[in-house]
Structure formats: C-alpha cells, structure tokens
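Structure first, commentary second.
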Amino acid sequence: MSEEEQNGQGSGVETYNPPEDFAKNANIQDPEIWQKANEDREGFWESWAEELHWFQKWDQVCNWDPPFVQWFVGGKTNPAYNCLDYQIEQGRGDKTALLWIGDEEGDRQTYTYNELLAEVNKCANMLKSFGIEKGSTVSIYLPMIPELPIAMLACSRIGAIHSVVFSAFQPAQLAERINDVEAPVLITADESPRGGKKTPLKEYSEAALEDAPSVQNVIVVRRTGEDVPWDDDRDHYWDELMDQQSDECPAEELDAEDPWFVLYSSGSTGKPKGIQHNVGGLQVQLKATFMWVCDHKEDDIWWCTADIGWITGHSYLVYAPLLCGGTTLQFEGTPTYPDNDRWFQIIENEGVTGLYAAPTAIRAFQQAGADETIRDHDLSSLRILGSVGEPINPDAWRWYYENIGQERCAIVDTWWQTETGAIMSSNLPGINEMVPGSTTYPFPGIEFGLYDSEEQQFLECPASGELIIPKPWPSQLRTLWQDPDRYKDEYFSDVDEQTYYVEDGATCDETGAYTITGRIDDVLNVSGHRLSTVEIENALQGTEGVAEAAVIGRSHDTKGEEPVGFVIIQEGYEWSEDMEQDLIDHVAEEAGSISKPARVFAVDDLPKTNSGKIMRRILENISEGEELGDTSTLADPSIAETIQEQTQQQMQ
C-alpha cells in the first residue's frame, strides 16, 4: 500500500495525527511495511522469530495443511527462557520485570528479572515434586497476585500445560475446566480480595473438587491468611513448599508445536471451548505486536488492566512485555476502590507510560464524570493508550483521547480474540492516522477479507460483510483441546476449510482499512433490512448524557424485529420521556429512520459477563416479557432483575 492509502487519505472519516515526537521515535515508521510483509509473509515472520532464543533453529517456517497449521517446524525453544534467562543474558537482571499493586493502597511488590527467575525456578521444582512434567496439565485458580504469573512461567519452564481459570468463576465452572484438562494439580489461594470484598477461593475449590476426581494435590497461596477448609493428605501451603525448593531449574527444550496453555472461551452456551495455543508461533507474534503496536521502549512501565484469567492478561500482561524485556504492572484491585481515582493514582505514582484497557472501563469513567478526578492527577508519564476487548465507540475513543490521553498520547485500537492469541489488527502509531472506532489495518503479515454468507461470495473493499482470515498466522490456535473435529466445525466450516470465519462483522474502505462492527449475531432484521446493533449503539452513545448503550431486537408482527435500546445515563442528567424521544430522534438522524428504536430504557447497569461483554440474551428476554434465564455467568447476576424492574416501570 502507498503512504497515502495507509493514512486513509480521501476516506472522508474523522482522523487524528499521532504526536509528532511519538511518530518520529516510533519503532516502525516504514509505510511500505505492509507491502513488504505481503510479498514474503514467511520471511517476515521468520525475521521476528530470529529475535527470540532458540535451542535449535526450525527446518520449515510454516506447514499449512488446512485447517491445521504448524509454525517454525523443528525449532526448539522455551517461553520462560525467553521471558527471563534471555533477558538476563542481555543485561536486564537487575531491571524490574514485574510490578505488583495490591487491592489495598500501600500493597506493592517488585521483582527484578533475577528475582522473578529464582521464584519461577522454585515453583517449577515444586511442581516437579508432585510429578508434573512436560505434557502434564496444571489448573490455576488464583487472584491477581504475583504467584499467578510465577506459576504460569514455572509451567512453561518445564513444559507443563497451564490452564488458568478466572478467579470470579463459581465452583461448577472451575470443576468443568479442571475435568476437561484432567489436571492432577490445582493451584489456588485462601481468598481473593478485590474492591474491598473477599471471594473464598479455597471454599469454592473444595466444592469444585467434589466433582473433579483428577486432582491429587492442591497448592494454596496464603493471600489473606484466613482459616480455610483443609485436607492434610491433599492440601499444601505454597510458601512452605517454596521454602524447600532450589532456585535452579533448567528450562525444558520444547518443540515449537508443543502445547503451551489451554484457555477456555467465555461462550454462553454449550461446553466451554478449550483454546489450545502452542509454544513457537504465539511467542513470535507477541514479540512483533508488542514492539510495533505497543511501541515498547526500554524504560516503559506497561499496564495492561485485564485480568490474567483472560487471553489479554496472558498475552499482554504476562508474556509479551517479558518477551521484550519490559516492566509489566499487575493490579489486583478495581478502578473505584477505595476511591474512583485509583487508576489515576497508580499512573501518577508509578510513572506508567502505556495503558491498555477495555472500552467498558473507559465508558465507566465517562459515565461517572471522571474528567475532574483526572485533572487532580499528573498523567504526563503516559505516552501510549490502547483499547482492547470489543469495538470502541467513537465517543468513548474521543473521551479517552481528550481526558486520559490529554490530546498528546497515541491511541492504538486493537482487534483480536482468544483464538487468535495476539493482536491481529491495529493502527501502527508511527505511521497511521488514528481513526476513532476503527482498528484500521491488519498487522503486517496478516491478511483479512470480507464474505457474504447469504450470497456465498467473497467481497472486495470497499464493502461491508463478515470478517474472514484467509491465510494462517503464527499465533493461531492449533485446535480445541483434544477435539480437532469441533475445531474444524467451529472455525473452518462456514466458508471453506482454508478460511477462518471470525463471526464478527466488519466494513473496509477503499484503502483497505477495517472497522469491526461486532458479532455477526448482533444483527437485526427490520422489515427486510439487516441492521447492525453496534451502529445504533454508537448513535446512542454519541448523544450527550449517555454513558453506555446496548441494543437488541424485539419481535414485531409486521417488521419482524424492531430495535430496543437500553442506556446508562451519566451523572448530572435526569431521565425523562423527552430525553427518550430525543435519543430516538438522534438515532434516526445518525443511522436512518429504519434504525430508530421503538423504545429506549434507562437502566442502572447492563448485564455483563466477568470479561465485560454485554449478554444481550438477558435484554432480549426482558423486552419480550420472558423469563430471565440463566444469569450465573454475569459478573453481577442481580442486575438482571434490577433491569427487569426498571424496564417494567418505564413501560407503565
């Protein structure tokens, strides 16, 4: 692509230039990089692989046998070695690798690369003492404490496959995930403090283990020191075991295609999908994207706010920063405890340079009117902001840019999935203009496309359709855990066995820049018109006084479906029938009269899973007057009944 195309000239969209000094010093500034990578995709990825340590070099860069792929075939490497030993060999032994901030103010701990390696080695030896070895599985059910990345790196060091379970999950969800990998060891904690509350992880573990017979040993971290249920024959305290271990443990030489970890998707129906990522390719793409998208510099303090229980925490809190020799910040608490300026205190106190957060958090600050709170803190250390987890609406993007970024930070809007393992699409801040709400271009060496499933045809840009990935990429999931048939059916059956079907809608412009519009199933059929709920939500969220919005389709006798909106109102605004009508009229102006909602309801919150995704099924049931259904996967199950009551009151 030409420089003009990469800057999106002539597209007629709102753009922002990255700061001049930032662009001049960015790690990648070559606008021809996409063309160069596309001309030699394997050579491009091979050059990044050479940035890592390998015990033995690969024989073949990519072996593509659709729908299965292998990368760096025959290569021998180890993620923990690359994250720790290799960094120490390059002179970073005394540099801070991990900076931990706890739930309570004053809780703070740091680990240099030397110190982190010693802890990881002791943990690896501890696991070995229980018979854990290459190919073994280990379930990890921990809060956001340093022992979590230490356990992950220890598993990686000896070739064990870690399966981290989000610490807010309930016993049944934990048992299901333990049983799927048949883990003989569970690592957990007595309790998980967060936001001033405590979750009884050991009690939950006890309940889960009643239905998880594979577990023979439980290792318990003393986080709060409270008394917990105990089985002397099975349970062991982490600190007591660690005190007995040597801090020397050689890294296992792993094949590039050995399994690294299994992480379960947050699907709302059916058996959770165990996404399997392998050792070689994922490391390579994490290194490349962290250096170019996140523009890592040696002195950066990088803060990925995601929980490690999700892929974002795996990839961009733990592994990517360490693979690049960075300092990564791990935060145990919430943005609003003990006060709603906690994030900004941390940024100021620690000199955070990069912040990677979800639009949900950004909109929550926007809703709370955090503008004044932000101005009370010095955020001048920030130089780059990131968005991850879902499409960010343009209004929230602008708020992020103007308030937290103070109109002087670059913003990278990233798209990727648990399945993709690493960032797949983002603006490169030294080259591209920033477009609110758009991830712009696929990362160099990645190819996107659009598909029309109704017409069964591939589309050329500019177009709107279903996002597809026609060629393999290094960090691609290799299979679903012990279920290759389901892997093929889930991802490579909608188009053909060579094409990864994303299940997200997207648009691309004449330059090949992409905007992700949301899940394919988030589409309404109104009088024969297919409407994106995301476009209607963006129109609502772009209205003064609206902090967040969700749109669903309600059955209609003649139209088939009609849009219905649910909004959270910002502080200082009062809900009324006039405000509802103003919102309906605004949607008609912004998205067309066919898109205007039949009703808009004001609610205190939206039904979200622990990962921040809106569960629209709950809203659909409420709008149809049906039973709420299963609410157990919501972060706050009680909010469903609250929304139901508020909606019924407004309908009267």
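Give the residue, chosen from TYR264, TYR237, that is surrounded by 12 or more Cβ atoms within 10 Å (Cβ to Cβ) and either over 18 Å from the mean Cα position of the chain (by Cα) or assigned by TED's automatic domain parsing to the domain that holds ILE161 (or both).
Details: TYR264 fails: either over 18 Å from the mean Cα position of the chain (by Cα) or assigned by TED's automatic domain parsing to the domain that holds ILE161 (or both).
Just a single option satisfies the conditions, and that option is TYR237.
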Inset, instruction - For segment 53-61, indicate whether the set of residues that are in contact with a strand residue (DSSP E or B) (Cβ under 9 Å, 6 or more places away or on another chain) and within 25 Å of GLU298 (Cβ to Cβ) is non-empty. - result: yes
Legend entry - Criterion: part of a helix (DSSP H, G or I) and at negative phi - qualifying residue of GLN70, GLN90: GLN90
Legend entry - Selection from segment 334-350 of residues that are farther than 13 Å from CYS304 by Cα and surrounded by 21 or more Cβ atoms within 10 Å (Cβ to Cβ): PHE344
Inset, instruction - State whether the residues of segment 514-529 include one that is farther than 30 Å from GLU433 by Cβ and at pLDDT 95 or above. - result: no
Legend entry - Filtered residues of segment 116-141 (kept if out of contact with any Asp or Glu (no Cβ under 9 Å at 6 or more places or on another chain) and assigned to a loop (DSSP other than H, G, I, E, B)): PHE130, GLY131, ILE132, SER136
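Could you count how many residues in segment 604-652 are of a type outside the set (A, V, I, L, M, F, W, C) and either part of a loop (DSSP other than H, G, I, E, B) or under 19 Å from the mean Cα position of the chain (by Cα) (or both)? Write out each step before concluding.
So the first thing to find is which residues in segment 604-652 are of a type outside the set (A, V, I, L, M, F, W, C), and the list is 604-605, 607-613, 616-617, 620-621, 623-627, 629-633, 636-638, 641-642, 644-650, 652.
Remaining after also requiring either part of a loop (DSSP other than H, G, I, E, B) or under 19 Å from the mean Cα position of the chain (by Cα) (or both): 604-605, 607-613, 624-627, 629-633, 636-637, 652.
The number of residues fulfilling the criteria is 21.
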Legend entry - Single condition LEU286 does not satisfy, out of (1) crowded, with 21+ Cβ neighbours inside 10 Å; (2) aliphatic (A, V, I, L, M); (3) not in a helix (DSSP H, G or I): (3)
Inset, instruction - Would you confirm whether any residue within segment 100-116 is out of contact with any helix residue (DSSP H, G or I) (no Cβ under 6 Å at 6 or more places or on another chain), in the same structural domain as VAL218 (by TED's automatic domain parsing) and at positive phi? - result: no
Inset, instruction - State yes or no: is TRP54 at pLDDT 95 or above and surrounded by 16 or more Cβ atoms within 10 Å (Cβ to Cβ)? - result: yes
Legend entry - Flag if LYS95 is within 23 Å of THR305 (Cβ to Cβ), in contact (Cβ under 8 Å) with a residue 40 or more places away in the chain and in contact with a Phe, Trp or Tyr (Cβ under 7 Å, 6 or more places away or on another chain): yes
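Kindly establish whether ARG398 is surrounded by fewer than 21 Cβ atoms within 10 Å (Cβ to Cβ) and within 30 Å of GLN366 (Cα to Cα).
yes
Go through ASP258, ASP243 for me and flag whichever is farther than 27 Å from ILE446 by Cβ, over 16 Å from the mean Cα position of the chain (by Cα) and surrounded by fewer than 22 Cβ atoms within 10 Å (Cβ to Cβ).
Working: ASP258 fails: farther than 27 Å from ILE446 by Cβ.
Sole residue among the options that is farther than 27 Å from ILE446 by Cβ, over 16 Å from the mean Cα position of the chain (by Cα) and surrounded by fewer than 22 Cβ atoms within 10 Å (Cβ to Cβ): ASP243.
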Legend entry - Residue list for segment 149-165, filter: out of contact with any helix residue (DSSP H, G or I) (no Cβ under 8 Å at 6 or more places or on another chain) and under 15 Å from SER315 (Cα atoms): none
Legend entry - PRO472 vs. criteria more than 26 Å from ALA288 (Cβ to Cβ) and either touching a residue at least 12 places away in the same chain (Cβ under 8 Å) or acidic (Asp, Glu) (or both): no
Legend entry - Residue within segment 485-502 that is in contact (Cβ under 8 Å) with a residue 40 or more places away in the chain, more than 30 Å from ALA588 (Cβ to Cβ) and touching a Gly at 6+ places or on another chain (Cβ under 6 Å) present: no
Inset, instruction - Could you list, in sequence order, all residues of segment 328-371 that are within 30 Å of GLY91 (Cα to Cα), touching a helix residue (DSSP H, G or I) at 6+ places or on another chain (Cβ under 7 Å) and among the β-branched types (Val, Ile, Thr)? - result: THR328, VAL352
Inset, instruction - Six or more apart or on different chains, Cβ under 6 Å: which pairs go from a residue in segment 423-452 that's under 13 Å from ALA26 (Cβ atoms) to one that's of a type in the set (Asp, Glu) and assigned to a loop (DSSP other than H, G, I, E, B)? Could you list them? - result: PRO429/ASP295
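For TRP58, are the conditions met, namely being part of a loop (DSSP other than H, G, I, E, B), over 26 Å from the mean Cα position of the chain (by Cα) and closer than 19 Å to ALA256 by Cβ? Walk me through how you get there before you give the answer.
Details: part of a loop (DSSP other than H, G, I, E, B): yes; over 26 Å from the mean Cα position of the chain (by Cα): yes; closer than 19 Å to ALA256 by Cβ: yes.
So TRP58 passes the test.
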Inset, instruction - List every residue pair whose Cβ atoms lie under 7 Å apart, where the two residues are 6 or more positions apart in sequence or sit on different chains, the first residue falls within segment 557-582 and is under 15 Å from SER595 (Cβ atoms), and the second residue, located anywhere, is in a loop (DSSP other than H, G, I, E, B). - result: LYS559/SER527; GLY560/SER527; GLU562/ALA598; PRO563/PRO597; PRO563/ALA598; VAL564/PRO597; VAL564/ALA598; GLY565/PRO597
Inset, instruction - Among what's in segment 166-189 and is touching a helix residue (DSSP H, G or I) at 6+ places or on another chain (Cβ under 6 Å) and surrounded by fewer than 24 Cβ atoms within 10 Å (Cβ to Cβ), pick the residue that is nearest to LEU634 (Cα to Cα). - result: PRO171
Legend entry - Residue satisfying condition, being under 21 Å from the mean Cα position of the chain (by Cα) and of a type in the set (D, E, K, R), within set GLU115, GLU147, GLU119: GLU147
Inset, instruction - For residues that are in contact with a Leu (Cβ under 9 Å, 6 or more places away or on another chain) and within 24 Å of ASP103 (Cβ to Cβ), tally how many sit in segment 169-215. - result: 14
Inset, instruction - Mind listing whichever residues of segment 476-502 are within 16 Å of GLN70 (Cα to Cα) and of a type in the set (D, E, K, R)? - result: ARG478, LYS488, GLU497
Inset, instruction - Enumerate the strands (runs of 3 or more DSSP E) found wholly within segment 487-600, keeping only those where 3 or more residues are aliphatic (A, V, I, L, M). - result: 523-526, 546-556, 560-569
Inset, instruction - Tell me, yes or no, whether segment 587-595 has at least one residue that is without any contact (Cβ under 8 Å) to a residue 40 or more places away in the chain and either buried (at least 17 other Cβ atoms within 10 Å of the Cβ) or farther than 20 Å from ASN538 by Cβ (or both). - result: no
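In segment 557-572, which residues are farther than 14 Å from VAL600 by Cα and surrounded by 14 or more Cβ atoms within 10 Å (Cβ to Cβ)? Outline the logic, then answer.
Taking segment 557-572 as the starting set, the residues that turn out to be farther than 14 Å from VAL600 by Cα are 557-561, 570-572.
LYS559, GLY560, GLU561, GLN570 - these are the residues of segment 557-572 that are farther than 14 Å from VAL600 by Cα and surrounded by 14 or more Cβ atoms within 10 Å (Cβ to Cβ).
The values are calculated or read from the model by the stated rules, or taken from the named source; none is laboratory data. Not measured: the values here are computed from a predicted model. Neighbour counts run over all protein chains shown; Cβ positions are idealised from the backbone, glycine included.
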